[in-house]
1. Can you work out which of the residues in segment 140-183 that are within 13 Å of the ligand (Cβ to nearest atom) and aromatic (Phe, Trp, Tyr) is nearest to the chain's Cα centre (by Cα)?
2. Quick check on Gly43: is it more than 22 Å from Ser375 (Cα to Cα), in the same structural domain as His95 (by TED's automatic domain parsing), away from the ligand (no atom under 15 Å from the Cβ) and touching a residue at least 40 places away in the same chain (Cβ under 8 Å)?
3. In segment 376-399, what residues are part of a loop (DSSP other than H, G, I, E, B) and surrounded by fewer than 24 Cβ atoms within 10 Å (Cβ to Cβ)?
4. If you take the residues in segment 234-253 that are more than 10 Å from the ligand (Cβ to nearest atom) and among the charged types (D, E, K, R), which one is surrounded by the most Cβ atoms within 10 Å (Cβ to Cβ)?
5. Six or more apart or on different chains, Cβ atoms under 7 Å: show the pairs whose first residue is in segment 180-202 and among the acidic types (Asp, Glu) and whose second is away from the ligand (no atom under 15 Å from the Cβ).
6. In segment 213-233, what residues are of a type in the set (S, T, N, Q) and surrounded by fewer than 19 Cβ atoms within 10 Å (Cβ to Cβ)?
7. Would you confirm whether any residue within segment 105-113 is in a helix (DSSP H, G or I) and of a type in the set (A, V, I, L, M, F, W, C)?
8. Can you tell me how many residues within segment 254-265 are surrounded by 19 or more Cβ atoms within 10 Å (Cβ to Cβ) and touching a Phe, Trp or Tyr at 6+ places or on another chain (Cβ under 7 Å)?
Amino acid sequence: MVTTRFFSNPGPDGLPKTADAVIIGGGPAGTAAAWALERAQPGLRIVLVEQGGQLGMGSSLASLENFRTCWAAPCLARMMQRSLTVFQNADEELHPGATATLSRKQQGYLFLAFNERGAAGLQQDVNHLHACGLTHTEFLPASEVHTRYPWLGERVTAAKSDPHAGWLDSNALIYAFAHSTQTTRYLLDMRDVSIRVQGGKVAGVATASGMIAAPLVLIAAGAGSRAVGRTAGIELPIVVQPRQSFTTPWRHDAFPEDSPCVISAAPFPHVRPEARDGAIFGWEYRWNSRPALPGEPVQEYLIEPRWPVEHFKDPRFPSLTLALLARQFGHRAGEGFADPRYLRGIAHRAGYYVSRDHTVAYRTDSNGKRHPYHSQRAILDGWPGIDGLYLSVAHVGHGVMSAPAAGEIIAARMLGNPLPDPVYADFSLSAAYVERDAGGLSLPL
Ligand SMILES: Cc1cc2nc3c(=O)[nH]c(=O)nc-3n(C[C@H](O)[C@H](O)[C@H](O)COP(=O)(O)OP(=O)(O)OC[C@H]3O[C@@H](n4cnc5c(N)ncnc54)[C@H](O)[C@@H]3O)c2cc1C
């Protein structure tokens, strides 16, 4: 039985007039929600509307597609462990044959230090992770790094290893979620949909071809979510930040195909092997290090995303990343990451990280003063004041790796079921602060 159904911008005759739930956005968050909703309540009539001509047309296109389990905040650690279980058992959890399509590689993550202070920080991270039960993470002193990974060179003073980490094909994951559903309809090329609210309740979603009446609507539109929220008369508490990545079709000989993903020291340029001969690079490059006007604060986050996001591709990003890695590893011109062959045939991408804003991520001190911080926690919750309106947004830099658990959490919320784990309450709008939920690739201590 062919059950998954895709339609491109159906006219009034083809548009479903009613649904049990409408999901807006067909990235990892939206498709995972469809998968989890159907699993929790088989037969649910779900309509997913995606503005692009195919699923996964948002930030996942720029993603490094990595996953890792070493997260210091319990809610994030639990979320990633559950998601990894799904990746590792994709044939049973998603659909038969999904494992093959995901092309999962579990070659680990290696966070590097280049001095004694960095080494001490990694040791502390690992101590904390062990105390949290993540005993598979390892602290590797310099001698062990040099024995296991001689190609990294003599400058590395220590490493933190997450041997369960790895990467997969994010587009295949999105389609695996979709193909695992039976009763969800996928409407593509759906531009300008808007949420209709009546009497404090969701009434459905209006499209150019008519209305889809539904009691439940999920906003899962990545960086487009604030604009979607406005159609329901609300401002979502999220901000966006452009990020870049690039793939090279070539890799220097010493950098092996079975290498872990290497996270270098601050400012954390990272690289992993890609395909047979290539590599994929990223780092948390400050896209805007100067104030717009003299004296103004540096604008680190944007309220309004600018489209197309490619506007934020800095042409220097690939050469800067390579130069940074070459400097950290001590590669001279023509060697390792300083080999000019890296700069040929680059595919350079940009996408947005979406995060909680200062109204839903802050610590309160003993004087009652609020201190905003950069939270890594998604918002997986209902919107207070509008019955039936839900959010799966702010997946920051890990919305691919966290997608399965995020789908299950929001499905539980939407169906009024208990959360799969009580710690997932930390993804609610009202959880303003959670310990060790900060930083990105650097673990907060
Ligand atoms: C450079 C970079 C590297 C990254 N690396 C990793 C990584 O290694 N591992 C990891 O787990 N994550 C990574 N991420 C983060 C990850 O890509 C995001 O967290 C994830 O894509 C968020 O999923 P999402 O579904 O919320 O949003 P998106 O992936 O942005 O998907 C949103 C979808 O909604 C659609 N949409 C938007 N507006 C509308 C609308 N009005 N109507 C209908 N549809 C709409 C979009 O077309 C898109 O298909 C990275 C991101 C970037 C930018």
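The values are calculated or read from the model by the stated rules, or taken from the named source; none is laboratory data. In this text the structure is predicted, and so the values were computed from the model without any measurement. All Cβ positions, glycine included, derive from the backbone under ideal geometry; neighbour counts span all protein chains shown.
1. Trp167
2. Numbers: more than 22 Å from Ser375 (Cα to Cα): yes; in the same structural domain as His95 (by TED's automatic domain parsing): yes; away from the ligand (no atom under 15 Å from the Cβ): yes; touching a residue at least 40 places away in the same chain (Cβ under 8 Å): yes.
So Gly43 passes the test.
3. So in segment 376-399, the residues part of a loop (DSSP other than H, G, I, E, B) come out as 376-378, 383-386, 388, 394-399.
Matches in segment 376-399: Trp383, Pro384, Gly385, Ile386, Gly388, Val396, Gly397, His398.
4. Once the filter is applied, the top-ranked residue is Arg251.
5. none
6. Taking segment 213-233 first, the residues of a type in the set (S, T, N, Q) are 225, 231.
Scanning segment 213-233 gives a single hit, Thr231.
7. Going through segment 105-113, the residues in a helix (DSSP H, G or I) turn out to be none.
No: zero hits.
8. Going residue by residue through segment 254-265, those that are surrounded by 19 or more Cβ atoms within 10 Å (Cβ to Cβ) are 259-265.
Keeping just the survivors that are touching a Phe, Trp or Tyr at 6+ places or on another chain (Cβ under 7 Å) gives 260-261, 263, 265.
Going through segment 254-265 one residue at a time, the tally reaches 4.
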